[in-house]
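Engineer: Right, I'll just put the structure down here and ask away after.
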Amino acid sequence: MKKTIMTVTLNPCIDKTIVLNGFCEGGLNRAKSVRTDAGGKGINVAKVLKRFDAAVLAVGVIGEGGSEIVLSELDERGICRDFVKVSGETRTNYKLQDKAKGQVTEVNESGFFVNDESLEKIMSLIKSRLPEVGVMVLSGSVAPGIPTDIYKRLITLAKEQGILVILDADGAAFKEAIEAAPYAVKPNRFELEQFFGRELPTDGDLLACGRALIDRGISLVVVSLGAEGAVFITKDEAIRVNLAPLACQSTVGAGDSMVASVAASLVEEADLLSLARRASAAGTVTASKPGTEVCTKEEVSDYEKRLTITVL
């Protein structure tokens, strides 16, 4: 398999994390500290992959306004990147981290508009880079103007070249993309419940729905359950990972860390148990960090030894 992992970000952002000692709704709040990072789910995945020493290529679209903040950070991290610039402002997503309550409140802007001409440039860019790719990650929302079937179209293109696709999206984009049968999907419990239109309180419920997705042509279903761990399902196996205690500071980027780890494991052709351990550890370690900071390879390796595995 080709080693390069492509992450696609179709609605990047500037993540601004504001740390507060208590949040007063409707009143004056004074920031204890402010941190600014390049963001968007695909970019977060690329950051983790770089820390894993994986060959990663970040592609997508970005607004001219604010683009230097995002692109310069990718360059500083040594992440290969190729983005189409469009008119408009790159959105800012605000994370209000209340240290007193241990809560994070998020306020996300919608993003710039992408017209048909720019969409064609994006598609051409991605097509031109596919020959070097072994795994493609499609994650996050899409900017206004981009049709909800974009992930479905990209999955079809990638599969024609034997590329494994990991999908981490929700809503209409997820529903339409499922029709193209990506190699792997990573919904959380709520997203899976939204897709199937019913509550899924037990592992048995999750397993049944995971198998239903497998029957649609998907090879790997990863259901992230936050502090409750995760469930990993293939045609022949199902594994539940239970987490060891680790204080949570911010869940921002935790799911992206899981996706990055799954991508790296697929490139390495790891077995399901190894993939499940590593992905669960990556998500949990990132959740233990402040703001939008992500896990390191060494931290993941250390923490995964503390996980408990159950075969379903």
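Engineer: What are the ³J(HN,Hα) couplings of the range 229-240, residue after residue, when phi is run through the Karplus curve with 6.51, -1.76, 1.60 and θ = phi - 60°? Round to Hz, x for glycine and proline.
Structural biologist: Rounded to whole hertz, the list is x, 7, 10, 10, 10, 10, 4, 10, 9, 8, 10, 10.
Engineer: If you don't mind, another one. At what distance in nm do the modelled label points of Lys32 and Ser301 sit from each other, each positioned 7 Å from its Cα along Cα→Cβ?
Structural biologist: In this crude spin-label approximation the distance works out to 3.3 nm.
Engineer: Once the mean 1/r over all distinct Cα pairs of the range 67-221 is inverted, what Kirkwood radius in angstroms do you read off?
Structural biologist: Working: mean 1/r = 0.0564 Å⁻¹.
It is 17.7 Å.
Engineer: Let me have the 222 nm mean residue ellipticity of the chain computed from DSSP H runs of 4+ only, each contributing -39500 (n - 2.57), with the sum over all residues rounded to the nearest 500.
Structural biologist: -11000 deg cm²/dmol
Engineer: Summarise the accessible area of the chain (1.4 Å probe, protein heavy atoms) by the percent that is carbon and sulfur.
Structural biologist: Working: 6350 of 13250 Å².
Result for the chain: 48 percent of the exposed heavy-atom area is carbon or sulfur.
Engineer: Using DSSP to call loops (not H, G, I, E or B), can you name the GluC sites (Glu not before Pro) in the range 233-302 whose Cβ has at most 15 other Cβ atoms within 10 angstrom?
Structural biologist: On the way: sites: Glu237, Glu268, Glu269, Glu293, Glu298, Glu299; in loops: Glu237, Glu268, Glu269, Glu293.
Answer by residue number: Glu237, Glu268, Glu269.
Engineer: How big is D, in µm² s⁻¹, for the chain by Stokes-Einstein at 25 °C and 0.890 mPa s if Rh is the Kirkwood radius over C-alpha pairs? Could you put the intermediate results ahead of the total?
Structural biologist: Numbers: Rh = 19.6 Å.
The Stokes-Einstein estimate is 125 µm²/s.
Engineer: So for the chain, averaging the separation of alpha carbon pairs under 8 Å that are six or more residues apart and normalising by length, what relative contact order in percent results?
Structural biologist: Numbers: 686 pairs, mean separation 52.2, N = 312.
That works out to 17 percent.
Engineer: Could you give the accessible area per residue of the range 186-300, probe 1.4 Å, as a whole number in Å²? The partial results should precede the final answer.
Structural biologist: Values: 4450 Å² over 115 residues.
Spelled out: the 1.4 Å probe surface of the range 186-300, per residue, equals 39 Å².
Engineer: Using only the alpha carbons, work out the radius of gyration and Dmax of the range 162-312 in angstrom.
Structural biologist: 14.4, 40
Engineer: What residue among Pro131, Pro245, Pro290 shows peak mean-square fluctuation when the chain is described by a Gaussian network model with Cα springs under 10 Å?
Structural biologist: Pro245
Engineer: Please report the spacing between the Cα centers of the range 204-253 and the range 84-100 in Å, no decimals.
Structural biologist: So the separation of the two Cα centres works out to 29 Å.
The values are calculated or read from the model by the stated rules, or taken from the named source; none is laboratory data. Keep in mind it's a predicted model, so treat the numbers as computed, not measured. Here the Cβ is made from the backbone with ideal geometry for all residues, glycine too, and neighbour counts use every protein chain on show. Please note that ligands, DNA and RNA were not included when accessible areas were found on the heavy atoms of the full protein model with its side chains. Shrake-Rupley method; radii C 1.70, N 1.55, O 1.52, S 1.80 Å.
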